[in-house]
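For reference, the structure discussed in these notes is given below.
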Amino acid sequence: MKRSRPEPVQQVKQRRDAALKTLLDQVPYIQFLGIQFDRRGDELTAVLPYQDMLIGNPMLPALHGGATAAFLETTAIIGLSWATLWDDIESGALEGLEEGEAGIPDLPKTIDLTVDYLRSGLPRDAYARARVARSGRRYGSVHVSAWQDNRDRPFAQATGHFLMPRRDG
């Protein structure tokens, strides 16, 4: 029995990067905040680069709670979408689709999000990772943790529940 030849690694990377870009382009607020995603295989790490506009209390200075919550919620939504669409991304089913085109999957909608502010966010870059606890046909549950200098010392965390988009097929 002859095995098929694996795809070149560059093709796989381009397909995954294009799928991530398609997801991110659906949310203009991601660009406004400057959130970026570092992709390593199926794992995403969200990066919120420091900007002066993110400071809520200039006396401390500390990151604004709303910016922190938006960062956590965005990380949860993109992380949940990424995990849900992984098989489609790997099969190439999303390849060549442009924003606004039929076939682009909708993002999950937030049902609720509980944010725990554990300590002040310092004026520096922040990082976050989402862990999908449940991803079903109707809803998904995600836990997100955000840190700055030490991953073992998060400054905020969130748990959210999301309404999953309808998928035809």
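A few remarks follow.
- Residue count for region 56-79, restricted to those that are farther than 18 Å from TYR29 by Cβ and either among the β-branched types (Val, Ile, Thr) or in a loop (DSSP other than H, G, I, E, B) (or both): 4.
- Members of region 100-155 that are closer than 13 Å to THR74 by Cβ and among the aliphatic types (A, V, I, L, M): LEU107, LEU113, VAL115, ALA126, ALA128, ALA130, VAL142, VAL144, ALA146
- Among the residues of region 43-66, the ones that are under 12 Å from ALA156 (Cβ atoms) and acidic (Asp, Glu) come to 0 in all.
- Matching residues, region 139-169, being over 14 Å from THR68 (Cα atoms) and assigned to a loop (DSSP other than H, G, I, E, B): ASP149, ASN150, ARG151, ASP152, ARG153, MET164, PRO165, ARG166, ARG167, ASP168, GLY169
- Given (1) in a helix (DSSP H, G or I); (2) within 12 Å of the chain's Cα centre (by Cα); (3) modelled with pLDDT of 95 or more, index of the condition TRP82 fails: (3)
- For region 1-55, filtered to residues that are over 20 Å from the mean Cα position of the chain (by Cα) and more than 15 Å from GLU90 (Cβ to Cβ), the residue that is surrounded by the fewest Cβ atoms within 10 Å (Cβ to Cβ) is MET1.
- Residues in region 114-138 that are farther than 12 Å from ALA156 by Cα, in contact (Cβ under 8 Å) with a residue 60 or more places away in the chain and assigned to a strand (DSSP E or B): ALA130 alone.
The values are calculated or read from the model by the stated rules, or taken from the named source; none is laboratory data. All of these numbers come straight from a predicted model, not from anything done at the bench. Neighbour counts are summed over all protein chains in view; Cβ atoms, including those assigned to glycine, are modelled from backbone coordinates with ideal geometry.
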